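Trainee: Handing you a structure now.
The values are calculated or read from the model by the stated rules, or taken from the named source; none is laboratory data. As the structure is a prediction and not an experimental result, all values here were calculated from the model. Cβ atoms come from the backbone with ideal geometry, glycine included; neighbour counts cover every protein chain shown. Only protein heavy atoms, including side chains, enter the accessible area calculation; ligands, DNA and RNA are left aside. Shrake-Rupley method; radii C 1.70, N 1.55, O 1.52, S 1.80 Å.
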Amino acid sequence: ENILEEKRLQKGEPLDYVIGHVPFLDTSIDLLQKPLIPRGETEYWIEIAIKEMKRTKKKQVRALDIFAGSGCIGVAVLKSIPDMRVDFADIDSNMIEQIKINVKRNDVASRARVIRSDGFQNMKGRYDYIFANPPYVNAKDMQKLSYSVKDFEPERALFGGKDGLFFIKKFLLEVPKFLKKGGMWYMEFGSLQKRAVEKLIQKKWREIEFLKDQYGRWRVVRAQSMI
């Protein structure tokens, strides 16, 4: 087995895939179906979001993890907030399997629903919180990705169209229909996309705020619906 693992590493396969799982906040995320490997930058902002959600002390809160991939965001939220319910949405049937593995692995399956959906297409109802980590790498930057990312991680979880904004635009257009009054959404984006994202966000939101990641780069935007 060790020889096999060595070979996989020599071919450039990411260590996390070879190990088969990765820690993410207080969870353990299985990577059997080769989802996008959870990033520290995502972990950083979701931890901030969780702290804020704990402070609001709302009961019966519903959240959506859209473009969910491994499900790491929603699983971390479920693990940290006992009365939270989370729906997970992803277009890829392999990722649907992956999320199901991860909610079971972390003992949160009873409060999770996993729905195969292209963006918001199959979603119903409204949410208190929506978390989105859409594919946002543009065509030029896809070329520059390291070999281990480009050759092993899922392109559809990375590539956001020529300008990197395809899924971001779709998300921003549709998110108002799925958020409760006073609800809040968070969306991750590429560190150089802040100005483009600012232009795309219309004025219909309260308290639009951009946050930096642990490396001081712009990484996430959050906004609240009008009360």
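Trainee: Take Met84 and decide whether it is in contact (Cβ under 8 Å) with a residue 60 or more places away in the chain, over 20 Å from Phe189 (Cβ atoms) and over 16 Å from the mean Cα position of the chain (by Cα).
Mentor: No.
Trainee: A further question follows. Spot the failing condition for Ile37; the list is (1) surrounded by fewer than 14 Cβ atoms within 10 Å (Cβ to Cβ); (2) in a loop (DSSP other than H, G, I, E, B), and only one is missed.
Mentor: (1)
Trainee: Among Arg8, Arg39, which is the only one that is basic (Lys, Arg) and over 23 Å from Ser117 (Cβ atoms)?
Mentor: Sole residue among the options that is basic (Lys, Arg) and over 23 Å from Ser117 (Cβ atoms): Arg8.
Trainee: If you don't mind, another one. Please work out if Ser70 is touching a helix residue (DSSP H, G or I) at 6+ places or on another chain (Cβ under 7 Å), surrounded by fewer than 24 Cβ atoms within 10 Å (Cβ to Cβ), of a type in the set (Gly, Ala, Ser) and outside any helix (DSSP H, G or I).
Mentor: Spelling it out, it is not the case that Ser70 is touching a helix residue (DSSP H, G or I) at 6+ places or on another chain (Cβ under 7 Å), surrounded by fewer than 24 Cβ atoms within 10 Å (Cβ to Cβ), of a type in the set (Gly, Ala, Ser) and outside any helix (DSSP H, G or I).
Trainee: Could you list, in sequence order, the residues of the stretch 114-136 that are over 16 Å from the mean Cα position of the chain (by Cα) and part of a loop (DSSP other than H, G, I, E, B)?
Mentor: If the condition is that a residue be over 16 Å from the mean Cα position of the chain (by Cα) and part of a loop (DSSP other than H, G, I, E, B), then Gln121, Asn122, Met123, Lys124, Gly125, Arg126 are the ones that fit.
Trainee: Tell me, please, whether a residue that is open to solvent by 40 Å² or more (accessible area, probe 1.4 Å), polar (S, T, N, Q) and farther than 26 Å from Gly20 by Cβ can be found in the stretch 118-127.
Mentor: Yes, the stretch 118-127 contains a residue that is open to solvent by 40 Å² or more (accessible area, probe 1.4 Å), polar (S, T, N, Q) and farther than 26 Å from Gly20 by Cβ.
Trainee: Does Ser28 qualify as being among the polar types (S, T, N, Q) and either surrounded by 21 or more Cβ atoms within 10 Å (Cβ to Cβ) or in contact with an Asp or Glu (Cβ under 9 Å, 6 or more places away or on another chain) (or both)?
Mentor: Here the answer is no, as Ser28 does not meet what is asked.
Trainee: Let me ask you something else. Is at least one residue of the stretch 189-206 under 28 Å from Val61 (Cα atoms), modelled with pLDDT of 95 or more and within 14 Å of the chain's Cα centre (by Cα)?
Mentor: Yes: one or more hits.
Trainee: I've got another one for you. Sort out which residues of the stretch 91-113 are open to solvent by less than 40 Å² (accessible area, probe 1.4 Å) and part of a strand (DSSP E or B), and write them in order of number.
Mentor: Correct list: Ala112 only.
Trainee: Looking at the stretch 159-198, which of its residues are touching a residue at least 60 places away in the same chain (Cβ under 8 Å) and in contact with a helix residue (DSSP H, G or I) (Cβ under 7 Å, 6 or more places away or on another chain)?
Mentor: Tyr186, Glu188
Trainee: With the structure loaded, tell me whether Lys59 is among the basic types (Lys, Arg), without any contact (Cβ under 8 Å) to a residue 40 or more places away in the chain and closer than 28 Å to Gln10 by Cβ or whether it fails that test.
Mentor: No; evaluated as a whole, the condition is false for this residue.
Trainee: Of everything in the stretch 184-218, what is assigned to a strand (DSSP E or B) and open to solvent by 20 Å² or more (accessible area, probe 1.4 Å)? Give them in sequence order.
Mentor: Met184, Trp205, Arg206, Glu207, Ile208, Glu209, Phe210, Leu211, Lys212, Trp218
Trainee: Can you name the number of the only condition in (1) surrounded by fewer than 22 Cβ atoms within 10 Å (Cβ to Cβ); (2) in contact with a Cys (Cβ under 9 Å, 6 or more places away or on another chain); (3) closer than 26 Å to Glu209 by Cα that Asp65 fails?
Mentor: The single condition Asp65 does not satisfy is (1).
Trainee: Additional query: Kindly list, by first and then second residue, each pair from a residue in the stretch 100-118 that is under 15 Å from Val77 (Cβ atoms) to a residue that is open to solvent by less than 10 Å² (accessible area, probe 1.4 Å) and of a type in the set (Gly, Ala, Ser), limited to pairs with Cβ atoms under 6 Å and residues at least 6 apart or on different chains.
Mentor: Matching pairs, first to second residue: Asn102/Gly71.
Trainee: Please find, within the stretch 137-183, the residue that is farthest from Lys58 (Cα to Cα) out of those that are among the acidic types (Asp, Glu) and not in a loop (DSSP other than H, G, I, E, B).
Mentor: The extreme case among them is Asp151.
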